[in-house]
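Shown next, in structure tokens, is the structure this report addresses.
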Amino acid sequence: MRKMFRKLSFLLVKKYRHSTIPQWYVFFMDLILFVLAFLMMEAFRAGSFQQMSLRGTAVQFILALMVTIIAFFFTGSYRGIIRHAGMSDIYKILIATVGPTLLFWAVNIINNQFHPQIIPNRYLLSYREATMLYLLLAIMMIILRLTMQRIYNDYFRRKRNVVNVVIYGAGAAGIIAYNALHQDETVEYHVAAFIDDDMSKVNQELNGVPVMRARTVLNPKFIEQKEVTQLIIAIPTIRVMHKQAITNKALDLGLTVKAVPHVTTWLNGSFSSNQIQDIKIEDLLEREPIKMDNINIVREVVDKVVLVTGAAGSIGSEICRQLMLYKPAKVVMLDQAESPMYDLQFELKNTYKNDLDRMEFVIANVKDKARMEEVFELYRPQLVYHAAAYKHVPFMEENPYEAVYVNVFGTRNIADLAIKYKAQKFVMISTDKAVNPTNVMGATKRMAEIYIQSRSNDTTHFVTTRFGNVLGSNGSVIPLFKKQLAAGGPLTVTHKDIIRYFMTIPEACNLVLEAGAMGEGGDIFVFDMGKPVKIYDMARKMIQLSGLHNIEIKEIGLRPGEKLYEELLATKENNIPTYHPKIMRAQVRRYPLDAIDTAYNELWDILEGMDNMKIVGKMKAIVPEFLSNNSIYCQLDKPQHA
């Protein structure tokens with residue numbers, strides 16, 4: 001019987017290996033199986049095939065066939081694609097066979113209550129006959145599908161390569177990942193083992209695959225013996241630190257690491273192998289992601305008119321996305337970059353189709369005071385999130401005029417207008433490079449901090465958020481490394497020992513919104529960003545995560561103005577805790593208002609001459625801790641060390 005199934009399956013799969021077997025073929029095959037099961041049941045009743053007689057069973061056969069056809073149609077047991085048959089298909093087969101069995105049982109019970117009987121017993125299948133018939137039919141239908149699936153997988157499926165994997169997690173997500181891998185038509189996956197931390201599961205099996213301890217599997221001997229090349233983390237709710245430990249161990253063993261995403265991200269509620277995600281460098285920040293108290297943000301933003309400058313940038317655009325969740329009266333998005341603004345407009349108008357009246361998109365430059373006045377006059381924002389700034393250290397080192405014009409006097413324009421039009425809050429996005437700056441960009445951001453701190457009053461509260469590098473933002477190291485990887489390397493780092501603090505774009509923007517709600521005026525908030533990360537180690541991990549080999553990491557030397565490490569607090573600053581354990585308030589040096597106005601007016605006069613040395617010299621006078629590093633402006637620091 002099994003050979004017959006195999007031969008029939010082989011012929012059908014061969015014919016339809018590049019398409020799917022028509023439903024009516026499957027339906028017809030199931031009816032043939034019903035006939036075979038009926039004959040086997042009759043032969044068992046008669047004692048042998050030679051002694052069986054079909055006289056008197058024709059009515060039984062016709063009634064059973066009609067009931068079976070109805071069950072097939074009702075359950076749709078023939079509609080599944082056999083090459084992808086799974087538990088749902090087996091479930092349908094069981095319903096299609098258990099249903100008629102229970103029906104014949106019920107009819108027999110009712111029929112035996114009447115004298116004479118409604119239907120003579122010789123025309124009905126007995127309890128025993130019905131059970132045997134449909135048990136045989138269920139077994140034969142399941143065997144046929146599994147046989148066809150096995151033949152397709154072994155002989156006809158187009159496969160590019162074979163991948164040996166281990167799955168970390170022997171729970172529901174692990175089983176789902178296993179099934180998804182085996183349904184992949186382009187790659188043949190062999191699961192060498194499940195790994196689980198629950199000792200009650202260890203030494204058991206799932207689908208014939210052993211469940212083992214992590215230390216047994218994640219060692220060179222097992223990986224080499226089983227030729228494992230990939231590890232899939234199938235615990236969607238896994239803690240970040242645990243995930244990092246697993247990933248780092250796997251990377252050290254040369255494995256590619258992937259993860260099953262949370263069920264809420266599955267397409268249409270179903271899961272396939274192409275939804276298994278690569279582990280991203282963002283997953284290796286070595287700390288738990290920061291969560292903010294959104295209740296405060298709701299209270300701060302709802303029904304307010306909000307202005308976001310630099311709205312088309314990485315930080316500004318994410319601030320806009322998050323703001324839209326809190327139902328502001330209007331979000332005025334302002335940027336001088338036309339194409340990125342068009343992309344943001346297209347995205348948000350498609351995402352928030354019912355909130356089009358809450359969005360305004362403005363092309364303008366913050367250093368244009370007259371244009372900014374027009375914007376404030378028209379929209380009268382109650383909250384201002386100031387993200388517009390030049391941020392690339394090497395460019396600003398070469399262009400101090402533009403850095404000062406935009407970062408310092410652009411900020412002054414927006415701050416002065418916020419006061420004039422009585423905005424309630426002004427939140428500025430600063431950087432850790434403003435602390436003990438060694439470059440023009442960091443110094444301009446510190447000068448912007450100094451200016452807005454001096455402006456706080458009872459009507460308009462000025463707040464600064466200061467944080468480190470943002471993963472994935474425009475011009476940051478991650479996009480650069482990705483481009484270099486795509487080009488085949490090398491990955492370039494300026495110094496092997498250079499370290500930076502990192503956070504994700506959503507975390508950074510959530511911090512900005514929370515700080516806006518928390519700030520009372522003149523505050524600088526800093527963020528507990530965990531441990532600093534070595535850029536060299538990040539490059540090495542990105543190479544490992546990419547699965548590429550022989551990619552060189554090249555050390556190219558510090559750029560002008562760049563320092564080995566960043567600080568979140570200056571040497572003369574202290575910090576005090578806030579109600580959020582990850583946010584601190586910096587106690588910074590205050591500057592007299594008159595002195596600031598005088599110094600900045602003098603800088604404005606110098607700016608008109610476009611003499612970079614004079615511009616930077618004045619900046620150093622305003623920010624004494626600004627000591628250039630690896631820059632032509634180092635010569636301006638010499639008198640200070642004399």
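The values are calculated or read from the model by the stated rules, or taken from the named source; none is laboratory data. Predicted model only: the values in this text are computed from it and were never measured. Heads up, the Cβs are rebuilt from the backbone with ideal geometry, glycines too, and the neighbour counts pull from every protein chain shown. For accessibility, only protein heavy atoms count, side chains too; no ligands or nucleic acids. Shrake-Rupley method; radii C 1.70, N 1.55, O 1.52, S 1.80 Å.
How much area per residue is accessible in the stretch 378-430 when the probe is 1.4 Å and only protein heavy atoms are counted (Å²)? Walk me through the numbers on the way to the answer.
Numbers: 1820 Å² over 53 residues.
Normalised by residue count, the accessible surface of the stretch 378-430 is 34 Å².
What's the local net charge at Leu218, with K and R +1, D and E -1, over the other residues with C-beta under 10 Å away?
On the way: positive: Arg213, Arg215, Lys249; negative: Asp252.
Residues near Leu218 contribute +2 overall.
Determine which residues of the stretch 185-207 fall in the zone a paramagnetic label at Ala214 would reach in this model, i.e. backbone nitrogen under 16 Å from the point 7 Å along Cα→Cβ.
Counting backbone N atoms under 16 Å from the label point, the list is 194-202.
Cα convex hull of the stretch 336-418: mean projected area in nm², to one decimal? Please list the in-between numbers first.
On the way: hull surface 25.1 nm².
Averaged projected area of the stretch 336-418's Cα convex hull equals 6.3 nm².
What nm distance separates the two modelled labels at Phe395 and Gln225, each placed 7 Å from Cα along Cα→Cβ?
5.5 nm
With Cβ to Cβ distances under 12 Å as the rule, what net charge do the other residues near Ser454 carry (K, R +1; D, E -1)? Provide the component values of the computation, followed by the final result.
Numbers: positive: Arg412, Arg455, Arg589, Arg590; negative: Asp416, Glu449, Asp594, Asp597.
Surrounding charge for Ser454 is 0.
Can you compute the charge dipole magnitude of the stretch 302-448 about its Cα centre, using +1 on each Lys and Arg Cβ and -1 on each Asp and Glu Cβ, nothing else charged? Give it in debye, rounded to the nearest 20.
540 debye
How high is the FRET efficiency between Leu36 and Asn207 when r is their beta carbon distance and R₀ equals 30 Å, given to the nearest 0.05?
Values: r = 29 Å, r/R0 = 0.97.
Step by step, r from the Cβ atoms, then E = 0.55.
Rounded to the nearest 0.05, what FRET efficiency do Asn457 and Asp198 have when you use their Cβ-Cβ distance and R0 = 56 Å? Mind dumping the intermediate values first?
Details: r = 59 Å, r/R0 = 1.05.
The value I calculate is 0.40.
For a 22 Å ceiling on Cα separation, which of these pairs sit above it: Lys330/Lys422; Lys369/Lys445; Lys221/Lys249; Lys304/Lys367; Lys304/Lys445; Lys330/Lys445? Intermediate results must be reported in sequence, preceding the final value.
Working: Lys330/Lys422 17 Å; Lys369/Lys445 19 Å; Lys221/Lys249 14 Å; Lys304/Lys367 25 Å; Lys304/Lys445 27 Å; Lys330/Lys445 28 Å.
With Cα atoms farther than 22 Å apart: Lys304/Lys367; Lys304/Lys445; Lys330/Lys445.
By how many nm would the segment from Lys249 to Ile143 lengthen if fully extended, with 0.36 nm per residue of separation less the alpha-carbon distance?
On the way: separation 106, 0.36 × 106 = 38.16 nm, distance 4.15 nm.
Here the answer is 34.0 nm.
Please compute the modelled spin-label separation between Thr578 and Ser339, points set 7 Å along Cα→Cβ, answer in nm with one decimal.
Distance between label points: 3.6 nm.
Can you sort Trp604, Trp24 by 1.4 Å-probe accessible area, starting with the largest? Walk me through the intermediate numbers first.
Working: Trp604 80, Trp24 165 Å².
Solvent-accessible surface, decreasing: Trp24, Trp604.
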